[in-house]
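Please read the structure below before turning to the comments.
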Amino acid sequence: MEATGTDEVEKIKSKFLSAWHNMKYSWVLKTKTYFSRNSPVFLLGKCYHFKTDEPNDLSPNGSNYDITEEGISRNVEEFRKDFISRIWLTYREEFPQIKGSTLTTDCGWGCTLRTGQMLLAQGLILHFLGRDWTWSDALVIENSDSDSWTSHTVKRLTSSLEASLTREKEFKNQPNHPEQILKEGWASRESGNERYHRKIISWFGDSPLANFGLHRLIEYGRTSGKIAGDWYGPAVVAHLLRKAVEQARDPELQGITVYVAQDCTVYKSDVVDMQCSVVDSERSDARSVIILIPVRLGGERTNMEYLEFVKGILSLEYCIGIMGGKPKQSYYFAGFQDDSLIYMDPHYCQSFVDVSVKDFPLESFHCPSPKKMSFKKMDPSCTIGLYCSDVQAFERAAEEITRILKSSSKEKYPLFTFVNGHSKDYDFMMSPIQEEKAFFSEEEEKKLKHFNAEDFVLL
């Protein structure tokens, strides 16, 4: 009877906290983000320009306003569509109770798990859909941040496109017209893409059965001494993601694996072995790999000398983002403009969505507005994510990133390295918890002990 009373108290406490967090994090999407027209914007390897420097000779009155504005609008719209198409995973409430606890929400403690999920989701998008894929309904989402997107030019472009589509509609819809045939082929391909889009999101559902859902990650965390409501750092989450992909039994996930760097070192032979399977005593290139590299960008504060390296990494199309943040909050970094990082924020409490239902709503899994943060505010502890489709892609990535490391850092030792051979050749092995602790000084370890789940300190 006493246990039942305790459970009831915990349930009431959980509901109260959910209500509090729902109010506490509701401001996240209401703040405006402004972008400069004078600098390019990078998003996971794609570059967007919001400025046209050259005047256009086709303008009859010598002014390039109309054409320039439409060009800017196209770039803005393309960037918006690309950003919104990335999968956004946030705090949720009222999901099935987490095993071994009374928790039905991750508000206040689960943000690093959510940013880790976003990192993995982008890797799966590259694997199944490719970097050029965008969600066809991305621009349908209501954007509370519309004023910061040069909304005047966006409206001009929209009205122009609508007028053009109206004129061409009858002509393109004629029976057996070549464009109609192409349209049908495109629709079939789009249907296949949408199937994968939904499937990827369903793998991150908040239920015990979802391959990469919160419940499954917490279950794997038990082997490292973690429980629901605990603090999860980026290095530990990297290992949980590796375990989740390793344990996934979905046939469509057998073609991908996850490698976690050890002590800031990527052992190339270990990666190649994970990508290749042995058939009749011969290697065959079989699997793609997501490489997760836990690093530290300085001591107690981020070293500004690493800025160029971080920008270089986010400029690569096979970069799947950075799991990082600022002290007490974890963010998913996906791009930059000048010295500011572009990120998605998981600190927004949304209601549980049952992804097992056919045609479940997708809107809450896509962020309508990017956020920006100065690089100098970034916490030094983070995990970098890369995707390599095959062994050749991995070898090219290793060469390219090594060049970036050498050219962007004045430090004597690089942030991390790619080395030949296996980790066993160097007699090295570290557990996820030991690796996490290796990223903190004694002073920081003492500070972390003073924080509880309510402080959601994650970095």
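Ser369 meets each of the listed conditions (1) in a loop (DSSP other than H, G, I, E, B); (2) modelled with pLDDT under 95; (3) open to solvent by 10 Å² or more (accessible area, probe 1.4 Å); (4) not aromatic (Phe, Trp, Tyr) apart from (3).
For segment 159-272, give me every one of the helices (runs of 4 or more DSSP H) that falls completely inside it and has 1 or more residues that are modelled with pLDDT under 90, among the aliphatic types (A, V, I, L, M) and more than 27 Å from the chain's Cα centre (by Cα). Full working, then the answer.
Details: elements: 178-202, 214-221, 234-247.
Of the helices (runs of 4 or more DSSP H) lying wholly inside segment 159-272, those with at least 1 residues that are modelled with pLDDT under 90, among the aliphatic types (A, V, I, L, M) and more than 27 Å from the chain's Cα centre (by Cα) span 178-202.
Give the residue that is farthest from Ala210 (Cα to Cα), with candidates limited to residues of segment 81-138 that are among the small types (Gly, Ala, Ser) and in a loop (DSSP other than H, G, I, E, B). Only one residue tops the list, namely Ser136. Within segment 273-305, the set of residues being at pLDDT 90 or above and among the charged types (D, E, K, R) comprises Asp273, Arg287, Arg296, Arg301, Glu305. Contact list please: Cβ distance under 8 Å, first residue in segment 350-361 and without any contact (Cβ under 8 Å) to a residue 40 or more places away in the chain, second residue open to solvent by less than 80 Å² (accessible area, probe 1.4 Å) and assigned to a loop (DSSP other than H, G, I, E, B), pairs at least six apart or on different chains. Sorted first by the residue in segment 350-361, then by its partner, the pairs are Pro361/Val353.
Considering Gly255, Gly205, the condition of being within 25 Å of Val353 (Cβ to Cβ) and in contact (Cβ under 8 Å) with a residue 24 or more places away in the chain is satisfied by Gly205 alone.
Is it the case, given these coordinates, that Ala228 is buried (at least 17 other Cβ atoms within 10 Å of the Cβ), among the hydrophobic types (A, V, I, L, M, F, W, C), touching a residue at least 24 places away in the same chain (Cβ under 8 Å) and more than 23 Å from Gly321 (Cα to Cα)? Yes: the conditions hold for Ala228. In segment 388-400, the count of residues that are in contact (Cβ under 8 Å) with a residue 24 or more places away in the chain, of a type in the set (A, V, I, L, M) and within 19 Å of Thr302 (Cβ to Cβ) is zero. Scanning segment 296-338 for residues that are open to solvent by less than 10 Å² (accessible area, probe 1.4 Å), within 16 Å of Arg403 (Cα to Cα) and either part of a strand (DSSP E or B) or of a type in the set (Asp, Glu) (or both) returns a single hit, Cys319. When residues in segment 339-366 are screened for being of a type in the set (D, E, K, R), open to solvent by 60 Å² or more (accessible area, probe 1.4 Å) and either outside any loop (DSSP other than H, G, I, E, B) or under 23 Å from Asp82 (Cβ atoms) (or both), 2 of them pass.
Applying the set (1) polar (S, T, N, Q); (2) on the phi > 0 side of the Ramachandran plot; (3) at pLDDT 75 or above to Thr150 leaves exactly one unmet item: (3).
The values are calculated or read from the model by the stated rules, or taken from the named source; none is laboratory data. Since the structure is predicted, the reported quantities are computational estimates derived from the model, not experimental observations. FYI the Cβ positions are ideal-geometry reconstructions off the backbone, even for glycines, and counts take in every protein chain you see. The area values use the complete protein model at the heavy-atom level, side chains included, leaving out ligands, DNA and RNA. Shrake-Rupley method; radii C 1.70, N 1.55, O 1.52, S 1.80 Å.
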